[in-house]
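Worksheet for the structure shown next.
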Amino acid sequence: MKILFLDQSGKSGGAELCLLDTAKPYQAGSLIGLFEDGPFRSLLEEHQIPVQVLSQTTIRVRKESSWLTGLSSLSQLLPLVARVVQLSRQYDLIFVNTPKALVVGAVASFLTDRPLVYHLHDILSREHFSASNRRLLVTLANRAAWVIANSQATRSTFIAAGGRSEISSVVYNGFQPEKYTQKSVSASFQTGISKFTIGHFSRLSPWKGQHILIEALTHCPEDVTSVFVGDALFGEQKYVQQLHQQIEQLGLRDRVQFLGFRADVISLMGACDLIAHTSTAAEPFGRVIVEAMLCGKPVIAAKAGGAAELIDHGVNGWLVAPGEPKQLAEMIQALRSDWQTTIAVAQSAQRQASDRFHLEKVNQQIHQRLTQVLDDREYAP
Ligand code: UDP
């Protein structure tokens with residue numbers, strides 16, 4: 001099967017890391033087209049997945065942009081659309097992985113009669129998208145042969161925004177469990193003997209809620225420290241400054257470390273005692289939650305969106321209300337005070353997650369449906 005995959009980003013966010021795993025089985029004869037250059041291109045090259053950067057300029061329009069900004073970016077989009085249309089003719093199917101890729105891919109699908117598949121990694125709600133962008137995305141996605149929602153949460157917001165339920169289904173991200181049980185522990189951050197380290201693995205962005213964990217530290221004993229892994233991928237520099245100010249104001253300089261974006265998440269997780277996931281808005285899926293489980297680490301997450309689907313409270317992790325630092329601190333303390341039970345839950349979560357999110361199964365599910373999409377096209381009147 002020859003697939004043209006499209007993604008707007010040159011950075012390795014969750015959607016891109018998922019695309020890497022989805023595209024791998026099709027590397028012979030397929031192509032990933034990116035709308036900007038960046039570390040994600042190098043990562044794909046490392047994995048021998050054919051990749052091309054299709055645009056030399058970054059498209060200005062953002063999720064929250066108005067239709068006017070959208071219109072003004074047409075001059076950037078047209079050459080890209082022309083390039084994608086030309087490329088599409090060499091492939092059986094167009095697989096779009098991000099909203100801007102959907103816009104370009106939908107036009108190419110219409111003009112070349114290639115079926116369109118959209119992997120939806122976003123909650124199409126007003127917190128994340130302007131009304132005009134939501135309308136546009138849903139209208140275009142409704143032309144797809146299949147919309148793969150990465151959680152019930154993304155699927156239900158898609159349907160609530162006018163998306164067709166009959167073309168959409170949920171497929172959770174897949175992972176390779178064996179990668180997460182390596183015993184290599186990174187020495188790349190200091191863990192003192194009596195310290196209890198909470199890891200936070202997310203790009204730095206206000207809705208990812210790093211500030212909630214920082215505030216929670218003030219309600220925890222002094223030996224509780226935190227390490228933040230991830231960078232501001234989409235220009236959230238003001239938030240980064242605010243985090244540093246918050247740490248100074250709360251006198252937490254010795255209890256917080258920022259490591260920036262890291263490619264060795266698994267070994268860093270291995271060096272933490274507990275993982276916190278603190279999104280203040282509904283998380284579309286939450287790869288980090290599954291990764292923590294696969295590492296056998298206890299994970300506390302904010303109860304909203306995909307996170308609430310992944311975690312069964314007290315069974316394979318713990319849920320707290322989003323945006324509530326005190327509740328988070330109380331949960332941390334409760335888990336510490338009964339550490340044996342906490343570890344038992346984490347170990348059971350590891351076993352369960354290895355089966356539930358196995359990449360091989362997920363890729364099989366996707367392959368079957370893509371084959372069906374192509375068969376339906378062949379026999380269509
Ligand atoms: N990640 C990474 N390095 C970092 C921070 C995060 O490789 O420094 C990875 C993390 O392991 C996860 C992904 O980025 O696989 C983030 O996915 P998630 O669904 O948690 O959030 P998103 O970025 O898609 O909102």
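The values are calculated or read from the model by the stated rules, or taken from the named source; none is laboratory data. Only a predicted model underlies this, so the values are computations on that prediction, with no experimental measurement involved. So basically every Cβ, Gly included, is an ideal-geometry build from the backbone, and we count neighbours across all protein chains shown. When the accessible area is computed, the model is the full protein with side chains, heavy atoms only, and any ligands, DNA or RNA have been set aside. Shrake-Rupley method; radii C 1.70, N 1.55, O 1.52, S 1.80 Å.
Scanning region 200-218 for residues that are within 15 Å of the ligand (Cβ to nearest atom) and either open to solvent by 60 Å² or more (accessible area, probe 1.4 Å) or not in a helix (DSSP H, G or I) (or both) yields HIS200, PHE201, SER202, ARG203, LEU204, SER205, PRO206, GLY209.
So which residues in region 28-45 are crowded, with 19+ Cβ neighbours inside 10 Å and over 19 Å from ARG83 (Cα atoms), if there are any at all? Correct list: PHE40, LEU44.
Does VAL256 satisfy being touching a strand residue (DSSP E or B) at 6+ places or on another chain (Cβ under 6 Å), away from the ligand (no atom under 12 Å from the Cβ), open to solvent by 10 Å² or more (accessible area, probe 1.4 Å) and not charged (D, E, K, R)? In short, yes. Checking ALA292, ALA276, ALA307 one by one, the residue that is among the aliphatic types (A, V, I, L, M), within 10 Å of the ligand (Cβ to nearest atom) and over 26 Å from LEU43 (Cα atoms) is ALA307 and no other. Total residues in region 262-273 satisfying the condition of being out of contact with any helix residue (DSSP H, G or I) (no Cβ under 8 Å at 6 or more places or on another chain), within 12 Å of the ligand (Cβ to nearest atom) and in contact (Cβ under 8 Å) with a residue 60 or more places away in the chain: the figure is 3. If you scan region 12-38, which residues turn out to be assigned to a helix (DSSP H, G or I), within 14 Å of the ligand (Cβ to nearest atom) and touching a residue at least 40 places away in the same chain (Cβ under 8 Å)? Of everything in region 12-38, those that are assigned to a helix (DSSP H, G or I), within 14 Å of the ligand (Cβ to nearest atom) and touching a residue at least 40 places away in the same chain (Cβ under 8 Å) turn out to be GLY14, ALA15, GLU16, LEU17, CYS18, LEU19, ASP21, THR22.
In the set (1) at pLDDT below 95; (2) in contact with a strand residue (DSSP E or B) (Cβ under 8 Å, 6 or more places away or on another chain), ASP376 fails one condition alone, (2).
Going through (1) basic (Lys, Arg); (2) in contact with a His (Cβ under 8 Å, 6 or more places away or on another chain); (3) within 15 Å of the ligand (Cβ to nearest atom) one by one, ARG287 falls short only on (2). Can you confirm whether region 288-311 contains a residue that is farther than 23 Å from ASN173 by Cβ and assigned to a loop (DSSP other than H, G, I, E, B)? Looking for residues that are farther than 23 Å from ASN173 by Cβ and assigned to a loop (DSSP other than H, G, I, E, B), one finds none in region 288-311, hence no. Looking at region 92-107, can you tell me whether even one residue there is of a type in the set (S, T, N, Q) and within 16 Å of the chain's Cα centre (by Cα)? The answer is yes, given that some residue of region 92-107 is of a type in the set (S, T, N, Q) and within 16 Å of the chain's Cα centre (by Cα). Check whether at least one residue in region 323-338 is more than 30 Å from GLN246 (Cβ to Cβ) and surrounded by 21 or more Cβ atoms within 10 Å (Cβ to Cβ), and report yes or no. No, because not a single residue in region 323-338 is more than 30 Å from GLN246 (Cβ to Cβ) and surrounded by 21 or more Cβ atoms within 10 Å (Cβ to Cβ).
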